Structure formats: structure tokens, C-alpha cells
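Take a look at the structure set out below.
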Amino acid sequence: MVTVALTVLAGLVTVLVPAAATAATFRGTAYVTNQFNATVTPIDIATNTPGAPIHVGNTPRGIAMTPNGATAYVTSQNDGTVTPIDVATNTPGSAITGFNAPQGLAITPDGATAYVTNSSTNSVTPIALATNHVGTPIPVGGAPVAIAITPNGTTAYVVNQGGGVTPITLATNTPGTTIPVGNTPEGIAITPDGATAYVTNQGDNTVTPIKLATNTPGTAIPVGTFPWGIAVTPNGATAYVSNANSGSLTPIDVATNTAGTPIPVPGGGLIAITPDGTTAYVTTGGTASVTPIDLTTNTAGTPVPDNNGPIAIAITTVPTATPTPTPVPTPTPSPTSVPTPTPSPTPGPTATTTTLSVIQVPLPLGLGGIVIPNAHIAPINATGTIQFKHGSANLGAPVPVIAGTAIGPVTNLTAGTYSLNAVFTPTNPTSFTSSTSNTVIVKF
């Protein structure tokens, strides 16, 4: 079994690259987390057919595969749990507890340890996978959302949405000096040779390369609007970046750090690449689907339906030989009459619901704190904007809804009590209704 292990959340895709495979085609499964109905959908990558959903905890966000392809681990943000899934039977195991708004996760190349980001407590928690024992949290930066581990297993790199990337020495689980990157970093991927990490920056529409030998950031690479997921091809030649607001996938030449021509996709979420490097899968929750991309031609294929908020994705595959197809005679069609369709009544707008959650980062000395509001809109294909508010005051400008999700601005609040909510305004009021979220009380 050949496995691509991916760590994803809010934007992370980390590729743990296997040994080269020699088979002509690959059969296997892509596992997609669905944030709106607490499930994971398996997709047969030979036929791009979705299977029966696998039930996990509430608001599943990140997913990673063990290097042997036997188990997938899924973070559930609202439950504070991590659920193992037996890939052979697609059966969930007992949830592992002890996390705080977990999002991203990554597994070491030896399969011994998983590292989970706790976005609400600014820490990373290790799990000993032999026993599923939870270890002591490791302090990192504000609102950690994504993580990647070097191919040699020595260092984890944690993306802090509040700013910067924190390296962790895995031999001692010790955090190092935070590496500066762009505004609102979200996703990360490391090249197969372990030389460079690439970090997506949603706040300034760039990708920052980091030279890992010295932990030095390089010149930011301009890409599309609101870059989210990122993955590197198994041969290390190209990084692909999904641009959520541009509806595109930008290839980056790793040798020159130059962005190429964007590939149109319906939306743009998180990414996984098959071990042969021929196909990328992009979660496009705004269109309730997962889209395959032919990387030999950089063209999008037919989206695979998934109506439950697809966000993170991991692939495990088994190489197989390519069968020779048997020619089938094409029958001559018989003429048939085409009935005249009966006009259907025009439906009214679809009702929407908006749910608000808030990442809270208290500051010391009574200085207040930092909040990052997140709104989830159902149905997932609703398009429009979210205005985050505290009381009658707006928190920044309206934020576009992408993949059924809108992430609000990183906001500093002085000491006090705040009532936060989110108001959804549809792009087309004849298609969807407006809605107001639950109220979240924040006190610093």
C-alpha cells in the first residue's frame, strides 16, 4: 500500500511522500472531512464515486493518514476530539479526548506520533499512536491551525493564524523561535527533499517560502485571492495553491519560486495529490463537491458531489496494473420521441442558517485579547457575505462566504465583555434568505 498522508485544516496540506511507485495506474480512496454533518466521505479514486459516510465528532476539520495506510485520524473542532478510522473497514474507533478546538494534525514518518494543533489554547498536543495516549501540550503561537512534519521526522512546523510559523524539535518536543511570514497564514506544505516549506498567507494573497536549513523566510510569491490549501507534487517540482476567492489553483515552480497560469476550479479549498503525481483533488465546498485536476494538462475534471461541507482531504492508494479494455460494439440508437416538459413552478428562496464560533486568545496583564470569528452557513452552496459584529458595531468589512465558511478578521479587544454574532447577506436574495447567527459571549 502506498500512502499520501495529508494534514489539513483551514488550509494545510502536508505531503509525506512515499517511495516511487511503478504501477501504471492507482486504485485507492480519498477521505474527505465534512464539517456540517460530522462525517468523513470515502471517494473511490478509480471511479471518483463517493461511498457511505463515516461518522466522527462534530465539525471535523483536519485529517491525516498513517504512513502504512492503515488508519486515518480526524480532528473534530467542536468536540475537542480526534477519531481514528480503520481504513480496511471504514469503521471509526473510540474518540481520543483532551484537545481544545483541534484543527490541523500531522503524523511522523515512522507512524509513531501524531501532533494536533489546539487553536483555542495556542498549543500542539502529541499522541502516541501505539496506545492513543495524549501527551503534554507544547506551547506555540496564537491560534495554530496547520502543521507539517519534515520528511526526516526531526521537526514539525506549526502555522499560527495569529502570525508566524513555529518550529518544534520533535526529539524533545521543544518549540523554537517563530518564523515571520505573511498576514493571516493558513496552510503549509514541505518539499519531499525537506529543503523548503511553503506557507499560504490569506491576508495578503501570497505564499512565503521558508528555507528550512536556516528557518529563513524568502520573498513572498503573489498568487490568487485568499490562498488556502497547498500541496507539493511527489517529484518536488511544483507546489499547487488553491485560491478560495479566485476560484483557481496556482502552480508554483519550486526551482524558481515563480507562479504559473492559474487553473480554473469551482471554488478552491484544500488539496491532496495522488502518489503518481497525475491528479490533484481539491475540496470545493462552495459548490458542494471535490474536484479532480489532471496535472498532466492542468485541467479540472467533473466534480464529485459532496453536499456536507467538504474541507480536508487525505489519500491512500494501492498501485495496480492498467487493464486492457475490451472493445464493445456501439449499438445503433432507435429514434424516440421527446416529450414536452411540463413547466415547474418557480421555487422561493432557500432558507439559510448561520452558526458562529470564535477563537479566543487572552492577552496578559489585563490587556484584553484577540478574537478570530468563524461563521458556517448552510446550505453550503449559499453565496454571499458575512458581517461579523459585536453588539451594533461591525468587526471589519463584510467577508465573502467560501465553501460555506467565512473567517473574520483577527481583532484585538480591550478588557471587557462582548456579544459577538454574524449576519449572512445573500448575493441573490431570490435564491437564498439572509440569516443571523447565534450570539457568542467573549470576556477578557
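The values are calculated or read from the model by the stated rules, or taken from the named source; none is laboratory data. It should be emphasised that the depicted structure is a prediction, and the values quoted were computed from it without experimental measurement. Positions of Cβ are generated from backbone atoms using ideal geometry, with glycine treated the same way; all protein chains shown enter the neighbour counts. Ligands, DNA and RNA are excluded from the accessible area calculation, which covers all protein heavy atoms including side chains. Shrake-Rupley method; radii C 1.70, N 1.55, O 1.52, S 1.80 Å.
Structure data summary
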item	result
Length released on extending from N257 to T297, taking residue separation times 0.36 nm less the Cα-Cα span	12.4 nm
Residues whose placed amide H lies under 5 Å from that of T353, excluding near-sequence neighbours	A378
Those residues of the range 157-194 whose amide nitrogen sits under 14 Å from the label point placed on D110, 7 Å along Cα→Cβ	170-173
For V254, residues with placed amide H under 5 Å, excluding near neighbours	T238, A239
Mean accessible surface per residue for the range 377-435, computed with a 1.4 Å probe while every protein chain stays in place, in Å²	42
Binned Cα-Cα distance frequencies in the range 154-204 - 10 Å width, integer %	27, 53, 20, 1
Relative contact order [Cα under 8 Å, 6+ residues apart], the chain, whole percent	13
Distance from the range 228-279 to the range 41-104 (C-alpha centre basis), Å	24
Long-range tail of P(r) for the range 130-250 (Cα pairs > 24 Å, %)	24
The range 20-133 - accessible surface per residue (Å², probe 1.4 Å)	35
Apportionment of accessible area to carbon and sulfur, the chain, percent (1.4 Å)	56
Which of T29, A231, I441, positive extreme of dipole for the chain (C-beta unit charges)	I441
Correct choice for Rg and Dmax of the Cα atoms in Å that was computed from the model, options (1) 23.9, 80; (2) 21.7, 81; (3) 29.8, 94	(2)
Lys, Arg +1 and Asp, Glu -1 on Cβ, resulting dipole of the chain about Cα centre, debye, nearest 20	580
Peptide ranges 216-225, 354-363 listed from the most packed, as the mean C-beta count within 10 angstrom indicates	354-363, 216-225
Distance between the range 360-394 and the range 132-190 - C-alpha centres, whole angstrom	24
